[in-house]
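The values are calculated or read from the model by the stated rules, or taken from the named source; none is laboratory data. All figures in this text were calculated on a predicted structure; none of them were measured in a lab. Backbone-built Cβ (ideal geometry, glycine too); neighbour counts: all protein chains shown. For the accessible areas, the whole protein counts, side chains as well, though only heavy atoms, and no ligand, DNA or RNA atoms are used. Shrake-Rupley method; radii C 1.70, N 1.55, O 1.52, S 1.80 Å.
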Amino acid sequence: MILIDGKKIASELREELKKEVSLLKSKYKKVPGLTVILIGELAPSKIYVKNKEKSANEVGLKSDIIKYPHTIDEKTILEKIKELNNDESVSGILVQLPLPKHIDKQKVIETIIPSKDVDGFHPENVGNLSSGYDSSVPCTPLGCYLLIKKIEPNLSGKKAVVIGRSNLNGKPMTQLLLKENCTVTITHSKTKYLKEECLKGDIIVAAVGIPELVRGDWVKKDAIVIDVGINKTDKGIVGDVNFDEVSKVAKALTPVPGGVGPMTIACLLKNTIDCFKRSQK
Ligand code: NAP
């Protein structure tokens, strides 16, 4: 069984991106810039944002964090986003989620100009992805896609099963696999016979949030299994896949932690660089 080492693959991707930033700097005499807006004091959000800044600096991006207290009003945030939309030194804008309840998430997402939407959440980018056009793609499914391609470069004709239909993970994952000519089944909490659906998959991507939902006898021999789940349990952080059981049947499997997680930030950097490159065309 191949243990898909997301940490190593993400580190290789960051090295490639570092070289790319250096080339862009020579060509355009400027570097791509990522601005993150952080609202409130949620500990996980603060850690994510800090890691994003550290990784952005490592590859040579210009990185800024704008912090607001959780009491900040929606209008101020929207005005700031509009200002950043018009700032040429900013290639990508990310507003760290979740937001305080009094701020409308969808309004925030839709105020970010699509060309700087490094999260790929703007409806225009969602539409572009489903139409097969070039656009920002949400970072976690993009990371999963790159991991799958490392194991199997030609996905054409493969049967893929995606568990979960969130806008963040399941739906964009489905679009990426469809673009690669997979036959994709997207499943969710109302799906009947989930185990039987999973057993048909040459590729399974689990993005659910239920610890160890996917068992060994749900997986076809030699399937590629990508575990997006991050679940806190008494025995520590586990994924949506029962690692011990599935590792005995799968051809390749991501561990949790150390699989999909590290790819997410690397893909955010990639999206920022891609936004910059599109803006220079
Ligand atoms: P979400 O928005 O809560 O969506 C979960 C999806 O799973 C929903 O579509 C839901 O179906 C489906 N589901 C729930 N119970 C199910 C069941 N018994 N059988 C089949 N499907 C079921 O979650 P998310 O944001 O996509 O995140 C999923 C997991 O990934 C979480 O553990 C999260 O922490 C993790 N995550 C990891 C990363 C990373 O970087 N590794 C990034 C983001 C998220 P319905 O639509 O019918 O409700």
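Structure notes:
- Evaluation of Leu168 against (1) within 17 Å of the chain's Cα centre (by Cα); (2) open to solvent by less than 50 Å² (accessible area, probe 1.4 Å) (one fails), failing number: (2)
- Listing of strands (runs of 3 or more DSSP E) fully contained in the range 212-281 that carry 2 or more residues being within 29 Å of Leu84 (Cβ to Cβ): none
- Selection from the range 186-226 of residues that are among the hydrophobic types (A, V, I, L, M, F, W, C) and over 16 Å from Cys144 (Cα atoms): Leu194, Cys198, Leu199, Ile210, Leu213, Val214, Trp218, Val219
- Verdict on Glu110 being of a type in the set (Asp, Glu), modelled with pLDDT of 95 or more and assigned by TED's automatic domain parsing to the domain that holds Thr76: yes
- Filtered by the rule that a residue be out of contact with any helix residue (DSSP H, G or I) (no Cβ under 8 Å at 6 or more places or on another chain) and within 9 Å of the ligand (Cβ to nearest atom), the range 143-169 gives a lone residue, Ser166.
- Criterion applied to Val246, Val241, Val228, Val260 was being closer than 19 Å to Ala160 by Cα, away from the ligand (no atom under 14 Å from the Cβ) and buried (at least 24 other Cβ atoms within 10 Å of the Cβ), and the one residue passing it is Val246.
- Residue tally, condition buried (at least 22 other Cβ atoms within 10 Å of the Cβ), out of contact with any helix residue (DSSP H, G or I) (no Cβ under 7 Å at 6 or more places or on another chain) and assigned to a strand (DSSP E or B), over the range 174-211: 1
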